[in-house]
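Below is one structure; the comments refer to it alone.
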Amino acid sequence: MSHSGNVKRLSRREFGGLVAAAAALPMVPAPQNPPQTRQPDGTPPPLRRLVPDAPPFDATLEFTLRPVTLPAEPFPMTQVRLLPNSAFSDAQEWNRGYMARLDADRMLYTFRANAGLPTASAKPLGGWEQPENGQRASELRGHFAGHFLSASALLFASTGDSAAKSKADYMVAEMAKCQEKLGGKYLSAFPTTWWDRLEKGQRVWAPFYTIHKITAGMWDMYRLAGNKQALRVLEGMSAWADEWTAPKTYEHMQQILTIEFGGIAETLYHLAAETRDARWATVGDRFQKRSFINPLAQHRDELRGLHVNTHVPQAIAAARRYEISGDYRFHDVADYFFHEVSTARSYVTGGTSNAEAWLAPPRRLAAELKMSANTAECCCAYNMLKLARQLYSWRPDSAYFDYYERLLLNHRIGTIRPKVGTTQYYLSMAPGAWKTFNTEDQTFWCCTGSGVEEYAKLTDSIYWRDRDGLYVNLFIPSELDWTEKGFKLRQETAYPNSETTTLTVVAARPDTLAMRLRVPGWLRSAPSIKVNGRALDASAAPGSYLSLNRAWKAGDKIEMELPMHLRAEAMPDDSQLQAFLYGPLVLAGDLGAEGLTEAHIVGPNLRVGFPNVEQNGSPLAAVNRTPPIPDLEIPTFRAAGTDLASWIKPTDKPQVFRTTGQKKDVTLVPLNSLFDRRYSVYWQVARAQS
Ligand SMILES: [Zn+2]
């Protein structure tokens, strides 16, 4: 979402200044296509497809509903359950607790106030939900209720929590009353005068972004919680969006799309496919931003300077557009976008963005990291997981889940506050950073919204299926009930805190079924696998699947070993700026907690006080200043030889390491386990003179 303190926003001018600061970087021409491996005779290989000369998208976008058959699909969340006592079930329960503490009437306050209905004596929420009542109001108000509907629907699908569904059903019914009062179509928590501002190019935060969150919430309540009223509310809102956009010229709409609008097209495409009514896709097509999708369709990275979290959902919408129409240009937009962001614009955790934007050319992450401390917005991780999952259904390649696992284990599992269930805005990669979390009811960042959704759907995408059988993509303690095939599977593991996972067939019919286990790309060699206690002769290379094809019977047991090792990953533009990993886990150096108080940890969303931020004169330094914090000297290292194990040693605690022989030695722990401490993920590592 956009730039802000608790309620104060970074102005567009300030944001523009930040992007302008990025322009001071030495210019490196962006590669026009992904790096290509040369053929043995030295000629470059053909491109993945012919790149057209002319821009492929313009005003004349035609839509015909022609759904593509996809080779793989995730099991519905209703058929998967998390087992208790894991990092995943803990996160699910902490999030469920936070959601249960939020009062429905408080979330409805701004909707009722906007529709002129009684507000049920509820106390309004603060932060980005703050209404006009004597305080500076937030122009994003209403967004969180949409997220909350999605999260409730996801939680119901993941756990069967009927109380979560009832609360959200009540909210849908009350929001429908607001819609009725406003004329039967328009529904939001802010007045229609803001649309006049948007139309005239006057300043307004992100009205279509907010509308998207509400429509997505309605769609999820219909799709996952069977709420038919939510579908009617969504149709009404979509009809309003049709009427608002239809009279505008193509060029005028393109101008309007320069203001953050996110993934509204995706919901409209879902609605078109569900109702088989092309009208909604035509409305969705009005939200295709030409200057974003044209370069991507031609495999050009022109992402620098763009706001990340409004564009990832646009790539998701493009992906959905391909799926329902077969228009391959949209396939390429989403596919190339994912390739570029996941390989050339992601930090070691898989996270992307800096101060909500891509500030540097591709593969210039060390340079970008110096521009602010506000790296890797959580919404971006949420949306990139969503895109990865979608692309995997087109081509079930294990590499998507190597990326997914990296982001899930390092960026998502470690950004929910233990027991409390509040979540982060940025996962900072800046040296000396610490994790910060939203307040209970005075924050409501965009990431608070995507946060309640994320931890409500941890059952999603562990298991997938195709014609031949199933895929095990994530190592999460869980049970799968493949009702249609009478097949039940139980996965028990403490991964990533252990190196094994055990799958037990709980029920099976005597049909042959392929079970494909993801063999992570980070492994050094093929893993050893036991079936019913006997080691298999065969295995599979890292970065592939091990396929076990047989007639399974109840009691069959598969054990897979995933031996972890230490390794370093350097920044693409600075080989001495390195991060350390142990297996799939990014390690963070524990830099202590001196001066760190609850006031630093809860509430603020921007970390200031880092020398690089202050000295750059970045506008962020002036925003939402947290209490002073002591200066911190970030250690630098000298590598004793090329083998990390020679100077980073295991301690007596599992997955905890300590450097040796350095001027100042540091203890390294998994980033996802470190809370209320300052840390560094990236280090300057010089080669020792021999
Ligand atoms: Zn966010």
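Per Stokes-Einstein, at 37 °C and 0.692 mPa s, what whole-number D in µm² s⁻¹ belongs to the stretch 264-329, with the Kirkwood radius over Cα pairs as the hydrodynamic radius? Result for D is 268 µm²/s.
Close amide-amide hydrogen proximity is noted between G469 and A514, each under 5 Å apart and 5 or more residues distant or on a separate chain (H modeled in the peptide plane; Pro and chain starts excluded).
Over the stretch 433-575, the hull volume per residue, using the convex hull of the C-alpha atoms, is 184 Å³. Peptides 398-410, 485-497 ranked from most to least packed by the mean count of surrounding Cβ atoms within 10 Å: 398-410, 485-497. Only Cα sites of the stretch 286-377 enter the Debye sum here, all with the same form factor; the resulting log10 I(q)/I(0) across q = 0.22, 0.25 1/Å is -1.04, -1.27, listed in q order. Each of S121 and D652 was given a label point 7 Å from its Cα along the Cα-to-Cβ line. The distance between the two points is 6.0 nm.
The stretch 99-146 and the stretch 354-414 have Cα centres spaced 31 Å apart. With a ≥ b ≥ c taken as the square roots of the eigenvalues of the C-alpha gyration tensor of the stretch 248-407, please select rounded if a/c is under 1.5 and otherwise prolate if a/b is larger than b/c or oblate if it is not? It is oblate, given that a/c is not under 1.5 and a/b is not larger than b/c. Taking a sphere under 13 Å around the Cβ of R232 and counting the other residues whose Cβ falls inside, with K and R at +1 and D and E at -1, yields a net charge of 0. Within the P(r) computed for the stretch 368-451, what percentage of the Cα pairs occupies the region above 15 Å? Of all Cα-Cα distances in the stretch 368-451, 61 percent exceed 15 Å.
The value given for the chain is a Kirkwood hydrodynamic radius of 26.1 Å, derived from the mean inverse Cα-Cα separation.
Computed from label points 7 Å out along Cα-Cβ, the spacing between K530 and S673 is 2.5 nm.
Simple spin-label estimate for D574 and R66 gives 5.0 nm between the two label positions (7 Å along the Cα-to-Cβ direction from each Cα). Using only the Cα atoms of the stretch 85-184, each taken as one equal point scatterer with no solvent, compute I(q) by the Debye sum, divide by I(0), and report log10 of the ratio at q = 0.16 Å⁻¹. Calculated log10 I(q)/I(0) at the listed q: -0.72.
Seen from E266, the other residues with C-beta closer than 11 Å to its C-beta sum to a net charge of +2, counting Lys and Arg as +1 and Asp and Glu as -1. Hey, with R₀ at 51 Å, roughly what FRET efficiency would K248 and S166 work out to, going by the Cβ-Cβ distance, to 0.05? Working from the Cβ atoms, E equals 0.80. Adding -39500 (n - 2.57) for every DSSP H run of four residues or longer, then dividing by how many residues the chain holds, sets the calculated 222 nm ellipticity at -11000 deg cm²/dmol.
Residue-wise HN-Hα couplings along the stretch 636-647, as the Karplus relation 6.51 cos²θ - 1.76 cosθ + 1.60 with θ = phi - 60° gives them from phi, are 10, 10, 10, 7, 8, x, 8, 8, 4, 4, 6, 9 Hz; Gly and Pro carry x. Projection of the Cα convex hull of the stretch 519-582, averaged over all directions and equal to a quarter of that hull's surface, yields 5.6 nm².
Full extension of the chain between D196 and Q229 gives 9.0 nm of extra length, using 0.36 nm per residue less the Cα-Cα distance. Reported to the nearest whole Å, the Cα centre-to-centre distance from the stretch 524-599 to the stretch 630-649 is 23. Counting Cα-Cα pairs of the stretch 146-190 in 10 Å increments starting at 0 gives whole-percent bin shares of 29, 43, 23, 4. If you take all other residues with their beta carbon under 13 Å from the beta carbon of K663, and give Lys and Arg +1 and Asp and Glu -1, the sum is 0. Here the stretch 332-384 yields Rg over Rh of 0.94, to two decimals, using C-alpha coordinates and the Kirkwood radius. For the stretch 226-284, the equivalent ellipsoid derived from the alpha-carbon gyration tensor has semi-axes of 22, 12, 10 Å in decreasing order. Protection proxy ranking for 427-433, 220-226, using the average of other Cβ atoms within 10 Å per residue and placing the highest first: 427-433, 220-226.
All of the numbers you see were taken from the coordinates with simple rules; none came from a lab. As the structure is a computational prediction, the values presented were derived from the model and not from experiment. Cβ sites come from the backbone with ideal geometry, for glycine too, and all protein chains shown count toward neighbours.
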